[in-house]
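To keep things clear, I will list the structure first and then write my remarks on it.
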Amino acid sequence: MSFPTVAPSVPGSATAAMAAIDWTVKNYLIVDDFVGIRQLLRESLRNLGAKHIDQAGSGGEAMTLLAKTHYDVVLCDFNLGEGKNGQQVLEEVRIRNLMTPSSVWLMVSAEKSVESVMGAAEHQPDAYIIKPITEGVLLTRLNRVWQKKQIFREIDQAFVEKDYLRAARLCDEQIAHNKLHEIDLLRMKAQLLLKAGEPEKARGVYELVLEDRDYNWARTGLARIRMSNGDHEAARQMFQGVIAENRFYIDAYDQLATAFQLMGKLEESCDVLEKAAKLSPNSVPRQRNLGNAALKLGNIPLAERAFRKCIAIGEYSVLKTVDAYFGLARVCGQKNDPKEALQVLSTAQREFTGDQVQLRAKITEGLVYHESGDYRRARKSGDELETMLNEDAERPDTDTCIEMATLLFAVGVKDAPVELLCYIIRNNHDNMVLLDEVQKIFDKARMSEEGSELIQASRKIATDTMNKGVLLWKTGKLVEAVEWMRSAREALPNNMRILFNSAQILISRMQQSGFTQALMDEANDVLMHVDRIAPGQQRFAQLIEQLALLMPARPGIVEEAEAELAGAEEQETEADAEE
């Protein structure tokens with residue numbers, strides 16, 4: 001490990017800027033596995049005036065400190081020896097929200113390789129400083145980042161609260177006073193508008209930016225909007241154009257893979273993911289996606305490499321996923337190696353807990369037996385799976401239901417997989433891509449005509465259930481509408497249209513009868529459930545905004561809230577019904 005070279009003083013311009021910041025009251029954490037480096041960095045911070053400095057010699061020790069103490073500044077090395085590396089520490093901090101939006105994270109490392117820098121950059125440290133460093137460079141970078149972070153402080157806090165529209169308005173306020181950071185603010189504003197379900201407004205921001213300069217992130221943003229609008233071919237061309245100009249722009253690869261997938265070009269999608277994984281190989285989600293894509297294509301060697309890599313890099317990651325173990329077990333089954341497949345499943349059940357893991361392990365076990373030609377054991381797994389289904393009224397997620405239905409049909413069971421597929425349809429009655437996938441499963445089970453009728457009947461049940469609640473709402477029977485939608489959510493807990501309409505009806509009830517904490521909590525729980533199962537939905541941010549307006553007045557936005565609430569009363573957003 002290289003030692004930073006300590007310079008005797010900080011450049012004069014930086015010293016003047018730093019003098020305006022009270023560094024003595026802030027909390028600092030230095031994370032490095034080499035004690036000499038920690039001591040040198042500590043002395044650099046002390047020269048700045050820092051008093052409250054903690055140290056960690058490993059990723060695990062850092063996580064313990066971060067979980068119980070708020071730090072304003074973290075200096076973290078990339079290589080931390082055994083256990084979590086700096087990238088994985090930052091990854092977990094971001095996911096667990098262990099630092100406030102205005103805090104600063106500086107990644108300090110001797111690593112210069114593309115994969116190390118890109119891997120860390122994907123989790124957005126505020127700066128990546130290459131060793132050896134001088135005290136002057138360290139403190140100048142710290143000051144520069146700190147000043148910038150304070151501009152985004154309120155915006156980031158609104159983002160954490162999922163109030164994306166308010167955050168976008170705060171961007172405009174900051175642009176008026178901080179022209180130096182206008183481009184960064186416009187980039188964030190566009191991202192916020194996309195999360196708020198306002199793609200056309202986001203498009204306007206991207207186009208405004210591109211009039212000034214050809215930024216890759218703005219072109220990628222425009223391409224994502226085109227892709228979401230169904231113009232997959234135009235999006236593909238734009239993503240490939242970005243990659244042609246900057247082959248290290250990793251987000252464009254991920255988005256291009258999605259575009260190819262939506263176009264039904266699975267081989268092309270897999271090829272792009274493979275290239276992205278070579279550029280930045282330490283992303284657990286990317287290796288998992290590559291493994292899944294290769295498995296669907298029957299490219300067993302590639303799937304095996306991706307799943308094994310995913311397991312290896314996920315060992316100390318908060319993103320460690322059981323999916324990689326199940327994928328590898330399927331690979332072993334298709335290689336006619338059920339022994340290793342069962343060993344992998346045993347490891348998965350040991351490393352991960354919960355009923356859903358046990359259920360998915362049983363499904364995968366059955367698929368492994370079936371794919372390796374052991375039909376007797378496959379049928380036994382199917383029988384055990386039916387028992388597990390009967391014992392638990394709660395149904396798993398859509399992908400698990402599809403795998404379960406596929407296995408049960410394969411081993412000769414009919415009623416249970418039919419019920420599962422109908423449940424999927426009722427919860428996704430307007431998702432035509434998924435309905436086509438369900439139809440193909442029925443086709444494979446030699447139930448084409450019957451399957452088509454079941455799909456139509458299940459869609460009608462969902463539509464009728466939703467429309468009755470909307471009708472009660474439109475005829476002013478809000479108490480009955482709230483109760484009906486509660487029952488609808490219980491029967492169809494993952495139907496997006498029902499969830500959104502239920503939240504809208506709860507909001508209308510409070511607009512009519514006044515704020516109550518119980519209804520507010522119920523509406524918020526519904527929307528948070530939506531955000532967990534399908535983030536980025538168009539109506540999410542709009543309904544969050546309406547909820548915010550119903551809250552008791554918040555400091556700093558009283559007048560704005562009153563004005564918007566008056567507008568909401570004049571032109572209320574309606575729940576949607578289907579003919």
- line: Only one of MET466, MET388, MET485 is at pLDDT 95 or above and touching a helix residue (DSSP H, G or I) at 6+ places or on another chain (Cβ under 8 Å), namely MET485
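Return yes or no: is GLU386 without any contact (Cβ under 8 Å) to a residue 40 or more places away in the chain and out of contact with any Lys or Arg (no Cβ under 7 Å at 6 or more places or on another chain)? Can you show your working first?
On the way: without any contact (Cβ under 8 Å) to a residue 40 or more places away in the chain: yes; out of contact with any Lys or Arg (no Cβ under 7 Å at 6 or more places or on another chain): yes.
Spelling it out, GLU386 is indeed without any contact (Cβ under 8 Å) to a residue 40 or more places away in the chain and out of contact with any Lys or Arg (no Cβ under 7 Å at 6 or more places or on another chain).
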field: Pick from the stretch 293-313, criterion of a type outside the set (A, V, I, L, M, F, W, C) and either in contact with a strand residue (DSSP E or B) (Cβ under 8 Å, 6 or more places away or on another chain) or at pLDDT below 95 (or both), ranking: farthest from ALA348 (Cα to Cα)
entry: GLY298
message: Tell me whether the stretch 335-345 contains one or more residues that are modelled with pLDDT of 95 or more, closer than 20 Å to GLU384 by Cα and surrounded by fewer than 17 Cβ atoms within 10 Å (Cβ to Cβ).
response: yes
message: Looking only at the stretch 1-21, filter to residues that are assigned to a helix (DSSP H, G or I) and loosely packed, with under 12 Cβ neighbours inside 10 Å; which one of those is modelled with the highest pLDDT?
response: ALA19
message: Quick check on the stretch 364-383. Is at least one of its residues buried (at least 16 other Cβ atoms within 10 Å of the Cβ), in a loop (DSSP other than H, G, I, E, B) and touching a Gly at 6+ places or on another chain (Cβ under 9 Å)?
response: yes
message: When you scan the stretch 307-326, do you find a residue that is surrounded by fewer than 23 Cβ atoms within 10 Å (Cβ to Cβ) and closer than 25 Å to GLY221 by Cβ, even just one?
response: yes
task: Among the helices (runs of 4 or more DSSP H) lying completely within the stretch 407-477, list those that include at least 2 residues that are assigned by TED's automatic domain parsing to the domain that holds LEU499 and closer than 18 Å to ASN494 by Cα.
output: 448-474
query: Quick one: would you say ALA259 is buried (at least 18 other Cβ atoms within 10 Å of the Cβ) and of a type in the set (Gly, Ala, Ser)?
result: yes
The listed residue being of a type in the set (D, E, K, R) and not in a helix (DSSP H, G or I), out of ARG395, ARG360: ARG395
- prompt: Just wondering, is there one or more residues in the stretch 135-153 that are under 30 Å from ARG539 (Cα atoms) and charged (D, E, K, R)?
  reply: yes
Number of the exception - ASN216 against (1) free of Cβ contacts under 8 Å to residues at least 40 places away in the same chain; (2) over 25 Å from ASN229 (Cβ atoms); (3) not charged (D, E, K, R): (2)
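In the stretch 61-71, which residues are of a type in the set (Gly, Ala, Ser) and at pLDDT below 95? I'd like the intermediate steps shown before the answer.
Just the residues of the stretch 61-71 that are of a type in the set (Gly, Ala, Ser), to begin with: 62, 67.
Selection gives ALA67 alone.
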message: As an exercise: evaluate ASN282 against (1) farther than 25 Å from GLU91 by Cβ; (2) at pLDDT below 95 and give the number of the one condition it does not meet.
response: (1)
- request: Go through (1) under 22 Å from GLN334 (Cβ atoms); (2) surrounded by 13 or more Cβ atoms within 10 Å (Cβ to Cβ) one by one and return the number of the condition GLY412 breaks.
  value: (2)
message: Exactly one condition in (1) crowded, with 18+ Cβ neighbours inside 10 Å; (2) closer than 26 Å to ALA348 by Cβ; (3) aromatic (Phe, Trp, Tyr) is false for PHE442; which is it?
response: (2)
query: Looking at this structure, is ASN292 without any contact (Cβ under 8 Å) to a residue 60 or more places away in the chain, surrounded by fewer than 24 Cβ atoms within 10 Å (Cβ to Cβ) and in a loop (DSSP other than H, G, I, E, B)?
result: no
- request: Identify, by number, the condition in (1) closer than 30 Å to GLY241 by Cα; (2) touching a residue at least 60 places away in the same chain (Cβ under 8 Å); (3) surrounded by fewer than 20 Cβ atoms within 10 Å (Cβ to Cβ) that GLY264 doesn't meet.
  value: (2)
message: List the residue pairs whose Cβ atoms are under 8 Å apart, where the first residue sits in the stretch 418-440 and is closer than 12 Å to ARG459 by Cβ, the second is polar (S, T, N, Q) and part of a loop (DSSP other than H, G, I, E, B), and the two are 6 or more positions apart or on different chains.
response: ARG426/ASN495; ASN427/ASN494; ASN427/ASN495; ASN428/ASN494; ASN428/ASN495; HIS429/ASN495; LEU434/ASN428; LEU435/ASN428
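Could you identify the single residue in LEU499, LEU519 that is free of Cβ contacts under 8 Å to residues at least 60 places away in the same chain, in contact with a Pro (Cβ under 9 Å, 6 or more places away or on another chain) and in a helix (DSSP H, G or I)?
On the way: LEU519 fails: in contact with a Pro (Cβ under 9 Å, 6 or more places away or on another chain).
Criteria check complete, one pass: LEU499.
The values are calculated or read from the model by the stated rules, or taken from the named source; none is laboratory data. Here the structure is a predicted model, which is why all the values come from computation and not from measurement. Here Cβ is always computed from backbone atoms with ideal geometry, including for glycine, and neighbour counts include all displayed protein chains.
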